[in-house]
Amino acid sequence: MDLTDTGTTVTVIAGVAMLAGILGVVIPVLPGLLLCWLAVLLWAVLGDGGAGRWVVLALATAVAVGGTVMKYAWPGRRLKSTGVPTSSILAGALLGVVGFFVVPVVGLVLGFILGLWLAERARLGPARAWPSTRQALAAVGLSLLVEFAAALGIAVIWVFGLIAA
């Protein structure tokens, strides 16, 4: 592998960005799906992918858009069916941001859960707060799973594009 070759360098940078994007889905600080798509865009515009690189970019774009839509629509529908209000989710998000700065990385998750539970406890009372919180966490987990699957789908499309080029 000759890193003085521009195409190889762009491919390596795109690969590192793709890996960071996949990790960014799990570590909520990085914009995971967007980073994966930008890696393919970089590779398609600046790399040596041949004419097929535009097909790879189009497929990656379709997966990114579809994943983004599904990430919000599917879990949102589940949340509405369980009756968890948006205000509880926002309380969880707010405490999650605070938790991120208090306890780096894991504080985001812990703060989100605590904020969601506190909001549901205030709304429903102590007995019904945890079941409602669990349902909301399942919806958020589904959202993460959809985004992770889309990021992996983009990565697989890109790798097949590399092999075909």
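The values are calculated or read from the model by the stated rules, or taken from the named source; none is laboratory data. On a predicted model such as this, the values are computed, not experimentally measured, just so you know. No Cβ is skipped: glycine too gets one built from the backbone with ideal geometry, and neighbour counts run over all protein chains shown.
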- Message: Cβ-Cβ distance below 8 Å, separation of 6 or more or different chains: which pairs start in region 124-149 with a residue that is more than 29 Å from LEU34 (Cβ to Cβ) and touching a residue at least 24 places away in the same chain (Cβ under 8 Å) and end on one that is part of a helix (DSSP H, G or I) and of a type in the set (A, V, I, L, M)?
- Response: SER132/LEU124
- Query: Which ones in region 74-91 are surrounded by fewer than 18 Cβ atoms within 10 Å (Cβ to Cβ) and farther than 11 Å from ALA139 by Cα?
  - Reply: GLY83, PRO85, THR86, SER87, LEU90
- Within region 51-73, the residues that are closer than 22 Å to ALA165 by Cα, in contact (Cβ under 8 Å) with a residue 40 or more places away in the chain and surrounded by fewer than 20 Cβ atoms within 10 Å (Cβ to Cβ) are GLY52, VAL55, LEU59
- Determine which single condition ILE157 fails, assuming it passes every other condition in (1) at pLDDT 90 or above; (2) buried (at least 18 other Cβ atoms within 10 Å of the Cβ); (3) farther than 28 Å from CYS36 by Cβ; (4) not acidic (Asp, Glu). (3)
- crowded, with 22+ Cβ neighbours inside 10 Å, touching a residue at least 60 places away in the same chain (Cβ under 8 Å), assigned to a helix (DSSP H, G or I) and of a type in the set (Gly, Ala, Ser), is that true of ALA14? yes
- Residue list for region 25-46, filter: under 12 Å from PHE148 (Cα atoms), assigned to a helix (DSSP H, G or I) and touching a residue at least 40 places away in the same chain (Cβ under 8 Å): VAL25, VAL26, GLY32, LEU33, CYS36
